[in-house]
Amino acid sequence: MNLPLSTAPAPDLAALLVQRGCDVRAVERGRRVAAESGQRLESVLLQLGLVGERELAEAFAELLRAVVVVPSRYPDSLPDAAAAIAPRFLRSARALPLAVEHGALVVALADPLDRFAADAIAAATGLPVCVEVAVPIELEAALDRLCPAEEEADGRGDAETGGDPLEEDAERLKDLASEAPVIRLVNQIIARAVETQASDIHIEPFEDALRVRYRYDGVLHEAESQPPRLAAAITSRIKIMARLDIAERRLPQDGRIRLAVRGQDVDFRVSTVASMYGETVVLRVLDRSAVVFDYARLGLSERVVGRLAQALQLPNGIVLVTGPTGSGKTTTLYTGLLSLNSVTRKVVTVEDPIEYQLRGINQIQVKPQIGLNFASLLRSILRQDPDVIMVGEIRDLETAQIAVQAALTGHLVLSTLHTNSAAASITRLRDMGLEDYLITAVLRGVLAQRLLRRLCPDCCRPAEAPPELVERFGLACPDGPPVLWHAVGCPLCRGTGYRGRQAIAEFLEPNDETTRLVFSRADHAAIERAAVAAGMTTMFQAGLEAALAGTTTIEEVVRSIRAEA
């Protein structure tokens, strides 16, 4: 049963957090900062990223013998008893009446230790108050929906919607971005992305709303939208955090943010681009603690890993990893680099941008604005006598020619291309202007890959494959009718039926037949047929094998590879 706050036990939050698994040193660090700053311990722990909002809410609930409010608990409209409470007070107190139950008003509080808020609501409504503990980011979303912030009487609301020319002024934007509610909102958006393991945050202004979306397992999911008047303030706050020019709202900008979230240093790659109703902002979450550079964890088959490992052990040549944006190419290359990293090798990378820092490897950031592009850096690196060179991407003929020169002079070069298959990378290099004899002389292997969403192990269900599907995709199994697994959806996978991703890949290893086809100017389809005849398993076939193994679905394979069946 929920206790009225006035009867709640005296808090001993620190001991409870330690008991629930929080690092003792982190709590002690928070105590010291709280004592020096005069802030409450839980506020300090949140600001330092030593505890998450949900983790703290669960600790409050256990401490007060209350419950944590689930998102479905928030009503579509405020109860009648809440009419006596000003929306401004609810927002400042971070409180929201949920319902009248058993003669008491149930109130969600982000800070359940705030006795004044509960007592004030009880006095205003004439009802006893029972407290439930709210996760702040979910409470803020419900407040934005049920209690829209009122426009300021001094005309600031018009300035925020873009009607006042003061909005263009840098100082005005700084003032907007420095307001506590904006800072808290941006921190909540970012913390929610990290805690829910999103890979990207998309903040997009439209005429009637500021849309916030998170990308999970390669698919975007919409979160609670924000009022459009907050667009300039939120964008400016993120720009300040990324050290970008907040007065420049026409040209694209790129930056980086490093924050401590739940005790872990997390990097965010920030990109801003002007659109019709303001600037769209995308933050790529680069959580080093959540990335595992291991082929098995990536999901690559042992057959592909074995061939790739052999190619990486060669003393010279070029090994390519291909695929569209977001297909995991960089993670695969980093995994390969770590296997090559030793005191006997000098490993150098040229990247745009550097996504993760690798210990013992010399990583160099491309800076086109001062003339440091892939080609110029690669030319300079060759004078440093490296053994292994990774080029973030071969984008033009000049970079391709220098990479070939490096391979011909005894270096192992790793790089990426944006192509749809391994065979297509050969024709892509040819289209750039690279001579056929150079391609065949240096190319040691091409790995093409995609990322498929994994089935959620808690809710997926098996079903015998229909005969039509068996015939269409050639799914016949020697042990009997093939069984396919299907996505269902549960709270653990946010109702999608999928949780996490795995890589599927094909590895093309040049041989005499593919070399002959390259010299005869054959297209990528002919090269792929020759590679398959030599034993290559295509990506689509690897995807079907994953579906039959029960780790993904046929629908996901077709969606990701877009195969023509």
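The values are calculated or read from the model by the stated rules, or taken from the named source; none is laboratory data. Please read these numbers as outputs of a predicted model, since none were measured by experiment. A quick note on method: Cβ atoms are made from the backbone with ideal geometry, for glycine too, and the neighbour counts reach across all protein chains shown. The area values use the complete protein model at the heavy-atom level, side chains included, leaving out ligands, DNA and RNA. Shrake-Rupley method; radii C 1.70, N 1.55, O 1.52, S 1.80 Å.
Some points to look at:
- Scanning the range 516-533 for residues that are open to solvent by 60 Å² or more (accessible area, probe 1.4 Å) and either of a type in the set (Phe, Trp, Tyr) or free of Cβ contacts under 8 Å to residues at least 60 places away in the same chain (or both) turns up Arg516, Phe519, Ser520, Arg529, Val532, Ala533.
- The residues in the range 235-284 that are of a type outside the set (Lys, Arg), over 17 Å from Leu210 (Cα atoms) and in contact (Cβ under 8 Å) with a residue 12 or more places away in the chain can be counted, and the count is 22.
- Number of residues in the range 186-224 that are of a type in the set (Ser, Thr, Tyr), in contact with a strand residue (DSSP E or B) (Cβ under 8 Å, 6 or more places away or on another chain) and either open to solvent by less than 40 Å² (accessible area, probe 1.4 Å) or in a helix (DSSP H, G or I) (or both) equals 2.
- Scanning the range 115-138 for residues that are in a strand (DSSP E or B) and within 37 Å of the chain's Cα centre (by Cα) gives Val131, Glu132, Val133.
- The range 121-137: number of residues that are modelled with pLDDT under 90 and within 22 Å of Ser43 (Cα to Cα): 3
- Meets criteria (without any contact (Cβ under 8 Å) to a residue 60 or more places away in the chain and in a strand (DSSP E or B)) for Ala448: no
- Qualifying positions in the range 451-472 - in contact (Cβ under 8 Å) with a residue 40 or more places away in the chain, open to solvent by 50 Å² or more (accessible area, probe 1.4 Å) and part of a strand (DSSP E or B): Arg454, Pro462
- Test: residue in the range 307-322 that is of a type outside the set (Lys, Arg), under 22 Å from the mean Cα position of the chain (by Cα) and closer than 23 Å to Phe268 by Cα: no
- Within the range 373-435, helices (runs of 4 or more DSSP H) holding 1 or more residues that are more than 19 Å from Ile527 (Cβ to Cβ): 374-381, 397-408
- Counting only strands (runs of 3 or more DSSP E) wholly contained in the range 268-357, the ones carrying 1 or more residues that are open to solvent by 10 Å² or more (accessible area, probe 1.4 Å) and on the phi > 0 side of the Ramachandran plot occupy 278-286.
- Residue pairs whose Cβ atoms lie under 9 Å apart, separated by 6 or more positions or on different chains, with the first residue in the range 53-78 and more than 17 Å from Thr196 (Cβ to Cβ) and hydroxyl-bearing (Ser, Thr, Tyr) and the second modelled with pLDDT under 90 and open to solvent by less than 20 Å² (accessible area, probe 1.4 Å), are Tyr74/Leu139; Tyr74/Ala141; Tyr74/Ala142.
- Within the range 239-261, restricting attention to residues that are in a helix (DSSP H, G or I) and out of contact with any helix residue (DSSP H, G or I) (no Cβ under 6 Å at 6 or more places or on another chain), the residue that is farthest from Ile183 (Cα to Cα) is Lys239.
- The residues listed here are Ala61, Ala8, Ala93; of these, the one that is hydrophobic (A, V, I, L, M, F, W, C), over 31 Å from the mean Cα position of the chain (by Cα) and modelled with pLDDT of 80 or more is Ala93.
- Scan of the range 34-52 for residues that are among the hydrophobic types (A, V, I, L, M, F, W, C), free of Cβ contacts under 8 Å to residues at least 60 places away in the same chain and open to solvent by less than 50 Å² (accessible area, probe 1.4 Å), ordered by number: Ala34, Leu41, Val44, Leu45
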